[in-house]
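The next block holds one structure in the form of structure tokens; read it before the comments.
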Amino acid sequence: MKDKFQREINYLRVSITDLCNFRCGYCMPQEGLVAKSRQEILTLEEIYYLVHTFVEKGINKVRLTGGEPLLRKNVLALIESLGKIEKIKDFALTSNGYLLKDYAQDLKAAGIQRVNLSLDTLNAQKFEKITHYDGFDKVWQGLEEALNVGLGVKINAVLMKGINDDEIGDLIQLTKDYPLDLRFIELMPIGQTQDFAQKHFLSCDEVLKFDGLLEVERDDPHSPAQLYRLEGAQGRVGLIRPISQHFCQACNRLRLTSDGKVKPCLHSDSSLDLMTPLRKGEDIRPLIDRATQAKPERHHLLERQTSQESMNRIGG
């Protein structure tokens, strides 16, 4: 599929639940959000049908997200069914890692190739402050188990001024000690957490002050990450800069939310409802085409125009 700017759209991020056991300040309000009812979210069968339809339209890269996707009941059954779709060439999952130790082996067997693990700090006390959950040890065990079973691992670390900017070097060191990639992400003002993002924004330029980082070529021209490597490191360091250097010109993705809406852009409230026509038995393929053509040329974060929906409901 191509959008009106001739970008090839082949990547679908699928939020399978709005539930999360963490309360990270950049993702949702501290008090949390009221979960949607079962009737308001897609069933596993509906998710499978929609993903399969997107794949038939040209999607070949799928990532499952949440909330926390491993909280979704019978998630492995969904993953096993999606893993059998031959046209999906890249099948991944984003997780906060809390349940990953228990699921890693089964995820690998079901077809997941890579896990993106959200981990903003290596300090257990700071971890609890960020997530409002005492879970660092379980997340670390999940990371180790994912590596042990042969899953590809990327760590996503959101840069936050005054919170984890003193750990940039320690986080980079992980790429020397473990066969994983680390990606620093600039804070994005989304939903009800915009004030938090404004207060704690830190440019990825701070990472480049770390000695010894050598820029390397990207594997994927659509990847938003500028890649660097320390000499002798097993993995790479990526910088994702949606604020200081937006990468919209190479955007190749659509997002499907857990309540059945397809979003052409993460940073826009624009969406098309697929759940209602799907449950009426209507053909949703023309709506996928409409969503593809509705992708904007770029986001407008610097103009403070962004989605009012929280990240846990959109899917990371």
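Checking each residue of segment 84-102 against the condition of being surrounded by 18 or more Cβ atoms within 10 Å (Cβ to Cβ) and among the charged types (D, E, K, R) gives at least one match.
Restricting 287, 266, 254 to residues that are aliphatic (A, V, I, L, M) and modelled with pLDDT under 90 narrows the list to 266. Scanning segment 2-11 for residues that are more than 20 Å from the chain's Cα centre (by Cα) and outside any loop (DSSP other than H, G, I, E, B) turns up at least one hit. Quick check on segment 26-39. Is at least one of its residues basic (Lys, Arg) and closer than 24 Å to residue 117 by Cα? So far as segment 26-39 goes, no, none of its residues is basic (Lys, Arg) and closer than 24 Å to residue 117 by Cα. Considering segment 31-111, the qualifying helices (runs of 4 or more DSSP H), each wholly inside and each with 3 or more residues that are more than 18 Å from residue 150 (Cα to Cα) and modelled with pLDDT of 95 or more, run over 44-57, 75-83.
The values are calculated or read from the model by the stated rules, or taken from the named source; none is laboratory data. Just so we're clear, the structure is a prediction, and the values are computed from it rather than from any experiment. Methodologically, a virtual Cβ is constructed for each residue, glycine included, from the backbone with ideal geometry; neighbour enumeration extends over all protein chains shown.
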